[in-house]
Amino acid sequence: MVRRVTSSPLTMLGLFIVVIILIAALFAPAIATHSPTEVDLVSKLEAPSAEHYFGTDEVGRDIFSRIIYGTRISLRIGLLVVLIAFPIGTILGAIAGYAGGRIDQVIMRITDVFLSFPGIILAMSIAAALGPSIENVMLALAATWWPWYTRIVRSSVMSIKHSEFIEASRALGANPFRILFKEVIPNSIAPATIQASLDLGFVILSAAGLSFIGLGAQPPSPEWGAMLANSREILREAWWAATFPGLAILFTVLGFNLLGDGLNDVMDPKQR
Amino acid sequence: MALLEVSNLKQHFTTKKGFLGEKTIVKAVDGVSITIEEGKTLGVVGESGCGKSSLGRSILRLVEPTEGSIKFEGEEIVGMSAKRLKELRKEMQIVFQDPYASLNPRRTVRQILEAPLIIHGVGDKRERKELIENLSGKIGLRKEQLSNYPHEFSGGQRQRIGIARALALNPKLIIADEPVSALDVSVQSQVLNLMLELQQEMNLSYMFISHDLSVVQHISDKVAVMYLGKVVEIADVGKVYDTPMHPYTQALLSALPVPDPTRIRSRIILQGDLPSPSNPPSGCTFHTRCPMATKECAEIVPPLEEKAPGHFAACIHV
């Protein structure tokens, strides 16, 4: 399995980026050169230099340090949203696919309702209704994300539910709970796990988007989307204030996508 | 008392066609009566689609029978409570056709064999370990192989694992649904011989479902021939193979290769395809393809009658 990861250069690049982001998040205080929130009006809007690698913003905060601390916020959002949405979606999808009939109908119609809104609009309205904060953005994103896993898991459950090993389990007298968790879910979860690793990037992107329009992280929090929003007005004088948070988002999303795609090839147990 | 007594079992499936749902009823099993004695093997043969697999699944209540009665050691299974049914599952098990589909690819052999013991709360961890190792010895698996995954084994080995899983709870009856059809001929005999050895050792009864007449002849004590959801002939294996009565059985057996070059083979070729079980022919369902069919055959449903001592057939011309 390790060899299959290392043999693909793109997967390795994805892994490399993700590891760098993890290191940045874990050791943020050691890596950051300045405080992420300390205002220093004397050195405001300074261009990138040896003192301030990525320059400073309109109130003199060090952009490099803010981006490093921002990895913590973004990773936390990505992980928590996926960790909430994934189990909910998986379990509902597995129940819908395995039970079929009316239970399937009810679960999938609810799923359809959620999917019939554009995700970001739904998340916006939830976040706006709950009030702007990081926690509410996470709730809003989790609420819009689970239906995708439900659909993926349901369809893979449907394709295996008539397998003989599941029938064998029924013949042995296993209860539906055991069949669902020991037989059905382990064999239908792989496509959804891959989707989840891809989604880490997309969730971070969406959260940045919500923060950009003012529904997520509030100043002075070093959240990348919020930083982008702030730098909008000073784009002409200070290109660096928008460029570096933007690049941070770009590389994070790219890293998780490349890694997710690579995992896609590796997760098949028959190729182990 | 017979170990298993099935009488007038019917297994009908309703399928909806199209958007507006025109319902059709498929009579997969239509009034089958069979018995299996302790320690004996009943072979069930027939073309694919004749309902032999549905019969097996129906007996185990993997699908709910539509009508009829299934008695295991005198106890009625149809309509039995879920709790009692779970108890009874220890006594009757199934071995599947496809050894690649019947084992969960994400569990080790040890986990697969432990599952029946856990489900029925047999022993503690150490006792279960011992039982599993004992079981794997019976099917010729080394202890180290227990931590391997199914895909690391050959078809024959996998099928033996499937048999071990079925045997884990010391059942009395095994329904073997085409257990060797998916295997190479050389491996088939290994698995068959293993099944015969285990039968002797554990006093097992088998219901052996197959479309392979030679395999059935080798393993069975009694044979039931099925056509379109009905048993058309049932008797001891010797009687069915030496003096087949029903024209369908005769046609099937005439296709069997005989290792005797001097014997002239008169092969009976059946015309047409197996009719759809959702729209079976009137009267005797075999009359559309029967070389002996007369006008009455389209009208009279032939009952399964004892035509000679211990030899039952369903044909008005015998």
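The values are calculated or read from the model by the stated rules, or taken from the named source; none is laboratory data. Everything numeric here is computed off the predicted structure, so don't read it as measured data. Here Cβ is always computed from backbone atoms with ideal geometry, including for glycine, and neighbour counts include all displayed protein chains.
With the condition kept exactly as written, say whether any residue in the stretch A:151-172 is over 30 Å from B:MET92 (Cβ atoms) and among the small types (Gly, Ala, Ser). Spell out the reasoning first.
Restricting attention to the stretch A:151-172, the residues satisfying the condition of being over 30 Å from B:MET92 (Cβ atoms) are A:151-156.
Next, from what is left, pick out any that are among the small types (Gly, Ala, Ser): A:155-156.
Yes; the residues of the stretch A:151-172 include at least one that is over 30 Å from B:MET92 (Cβ atoms) and among the small types (Gly, Ala, Ser).
Within the bounds of the stretch A:95-103, is there any residue that is within 14 Å of chain B (Cβ to nearest Cβ), of a type in the set (Lys, Arg) and surrounded by fewer than 21 Cβ atoms within 10 Å (Cβ to Cβ)? If you could, list the steps in order and put the result at the bottom.
Restricting attention to the stretch A:95-103, the residues satisfying the condition of being within 14 Å of chain B (Cβ to nearest Cβ) are A:100-101.
Add one more test, that the residue is of a type in the set (Lys, Arg), and what stays is none.
No; the residues of the stretch A:95-103 include none that is within 14 Å of chain B (Cβ to nearest Cβ), of a type in the set (Lys, Arg) and surrounded by fewer than 21 Cβ atoms within 10 Å (Cβ to Cβ).
Rundown of residues vs (1) out of contact with any Ser or Thr (no Cβ under 8 Å at 6 or more places or on another chain); (2) over 30 Å from B:LEU167 (Cα atoms); (3) modelled with pLDDT of 95 or more, yes/no style:
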site	(1), (2), (3)
A:ARG109	yes, yes, yes
A:GLY119	no, yes, no
A:ALA123	no, yes, no
A:GLU135	yes, yes, no
A:ALA143	yes, yes, no
A:SER159	no, no, no
A:ALA171	yes, no, no
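Do any strands (runs of 3 or more DSSP E) lying entirely in the stretch B:40-107 carry at least 1 residues that are farther than 29 Å from B:ALA182 by Cβ and either at pLDDT 95 or above or more than 14 Å from chain A (Cβ to nearest Cβ) (or both), and which ones are they?
Numbers: elements: B:41-45, B:67-72, B:92-95.
Correct list: B:67-72.
Residue under question is A:ARG232, and the condition is that it be modelled with pLDDT of 85 or more, outside any helix (DSSP H, G or I) and out of contact with any Lys or Arg (no Cβ under 6 Å at 6 or more places or on another chain); does it hold? Steps first, please.
Details: modelled with pLDDT of 85 or more: yes; outside any helix (DSSP H, G or I): no; out of contact with any Lys or Arg (no Cβ under 6 Å at 6 or more places or on another chain): yes.
No, not satisfied.
Taking the stretch B:120-134 on its own, how many of its residues are surrounded by 21 or more Cβ atoms within 10 Å (Cβ to Cβ) and either in contact with a strand residue (DSSP E or B) (Cβ under 9 Å, 6 or more places away or on another chain) or within 14 Å of chain A (Cβ to nearest Cβ) (or both)?
Going residue by residue through the stretch B:120-134, those that are surrounded by 21 or more Cβ atoms within 10 Å (Cβ to Cβ) are B:132.
Then keep just the ones that are either in contact with a strand residue (DSSP E or B) (Cβ under 9 Å, 6 or more places away or on another chain) or within 14 Å of chain A (Cβ to nearest Cβ) (or both); that gives none.
Residues flagged as surrounded by 21 or more Cβ atoms within 10 Å (Cβ to Cβ) and either in contact with a strand residue (DSSP E or B) (Cβ under 9 Å, 6 or more places away or on another chain) or within 14 Å of chain A (Cβ to nearest Cβ) (or both) within the stretch B:120-134 amount to 0.
Name the single residue that is nearest to B:SER58 (Cα to Cα) among those in the stretch B:156-191 being of a type in the set (Gly, Ala, Ser), in a helix (DSSP H, G or I) and within 14 Å of another protein chain (Cβ to nearest Cβ). Full working, then the answer.
Restricting attention to the stretch B:156-191, the residues satisfying the condition of being of a type in the set (Gly, Ala, Ser) are B:156, B:162, B:164, B:166, B:168, B:176, B:181-182, B:186, B:189.
Applying the additional criterion that residues be in a helix (DSSP H, G or I) yields B:156, B:162, B:164, B:166, B:186, B:189.
Still in the list and also within 14 Å of another protein chain (Cβ to nearest Cβ): B:162, B:164, B:166.
Details: B:GLY162: 20, B:ALA164: 22, B:ALA166: 17 Å.
Only one residue fits best here, namely B:ALA166.
From the list B:THR66, B:THR35, B:THR41, which residue is crowded, with 16+ Cβ neighbours inside 10 Å, hydroxyl-bearing (Ser, Thr, Tyr) and touching a helix residue (DSSP H, G or I) at 6+ places or on another chain (Cβ under 6 Å)? Even if it seems obvious, please write down each step before you answer.
Details: B:THR66 fails: touching a helix residue (DSSP H, G or I) at 6+ places or on another chain (Cβ under 6 Å); B:THR35 fails: touching a helix residue (DSSP H, G or I) at 6+ places or on another chain (Cβ under 6 Å).
Being crowded, with 16+ Cβ neighbours inside 10 Å, hydroxyl-bearing (Ser, Thr, Tyr) and touching a helix residue (DSSP H, G or I) at 6+ places or on another chain (Cβ under 6 Å) holds for just one of B:THR66, B:THR35, B:THR41, which is B:THR41.
So which pairs qualify, if the first residue must be in the stretch A:24-41 and under 14 Å from A:PRO220 (Cβ atoms), the second must be surrounded by 13 or more Cβ atoms within 10 Å (Cβ to Cβ) and aliphatic (A, V, I, L, M), the Cβ gap must be under 7 Å, and the two must be at least 6 apart or on different chains?
These pairs meet every condition: A:VAL39/A:VAL59; A:LEU41/A:VAL59.
Across the stretch A:36-65, what is the total count of residues that are at pLDDT below 90, buried (at least 21 other Cβ atoms within 10 Å of the Cβ) and acidic (Asp, Glu)?
1
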